[in-house]
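Read the structure below first, then the notes.
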Amino acid sequence: MTSAHVKDTTTQLISSYPQFNTLLLDYQVISDLVDPTSVTRFMHQNKLKHLVIANVPSDMNFGHLKRWPNLRGVFIAPSTDEQVMQGLQAIAEGKLWFPRKVTDHWMRHYLATEEHQQSQKSLLTEKEMTVLKLLASGMPLISIAERLFISDATVRVHLHKIYQKIGVKNKQQAMLWSQQHLT
């Protein structure tokens, strides 16, 4: 295994594998010593495209791992050298390498979030959806009113109802919600 060590310790906590365009971090490092910004900077400086996290405890909540930039694989502790090399090779070929336990956790979270978002969208009337889409396109309130042949006061009433239904407090949050959920 050819690797360039980022941090020289008694155990291999951080290693880069240029032949795989990959940075391998030990879970202990990311939980205590490293932040995503410094990882991104290191990866950019060393022209590494992929991040892999090893020695992840099997009994943890995997949700926070998604915040790591360019994460392409996770190895649950203990993993053999052969498993790691097989995973690194697959990642270098453009594949992802996540244990079923991790993907199961992420998919359950994704599906629950998606279901909640769908229920929020279904609460909006057709007119409210139209107002929200026009707002998200950057159209001013007066132009929305003219386009829909309603008063600007009615547009504000629609917006107030939209804000309540989708759980936002202002126009900027509604526009962001719309970009995330209606596109």
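Side notes on the structure shown:
- Residue order, fewest to most surrounding Cβ atoms within 10 angstrom, among 81, 152: 81, 152
- Spin-label zone in the range 141-171 - amide nitrogen under 18 Å from a point set 7 Å from the Cα of residue 129 along the C-beta vector: 148, 158-159, 161-167
- FRET efficiency, 1/(1 + (r/R0)^6) with R0 41 Å, evaluated for residue 60 and residue 180 via beta carbons: 0.90
- Over the range 124-181, equivalent-ellipsoid semi-axes from the Cα gyration tensor in Å: 17, 12, 10
- Going from the fewest other Cβ atoms within 10 Å to the most, the residues 62, 42, 149 appear in the order 149, 42, 62.
- Summed residue charge, Cβ within 12 Å of residue 65's Cβ, Lys/Arg positive, Asp/Glu negative: +4
- Label-point separation, residue 165 to residue 86 (7 Å along Cα→Cβ), nm: 5.0 nm
- Within the range 39-112: Cβ-based charge dipole about Cα centre, in debye rounded to nearest 20 (Lys, Arg +1; Asp, Glu -1): 380 debye
- Scaling the Cα radius of gyration of the range 4-106 by the globular reference 2.2 N^0.38 Å produces a ratio of 0.98.
- Least to most buried among 79, 178, 137 (fewest other Cβ within 10 Å first): 137, 79, 178
- Kirkwood hydrodynamic radius of the range 81-183, Cα pairs, Å: 16.4 Å
Only the coordinates and a few stated rules stand behind these numbers; no lab work does. The structure displayed is predicted, hence computed values, not measured ones. Cβ sites come from the backbone with ideal geometry, for glycine too, and all protein chains shown count toward neighbours.
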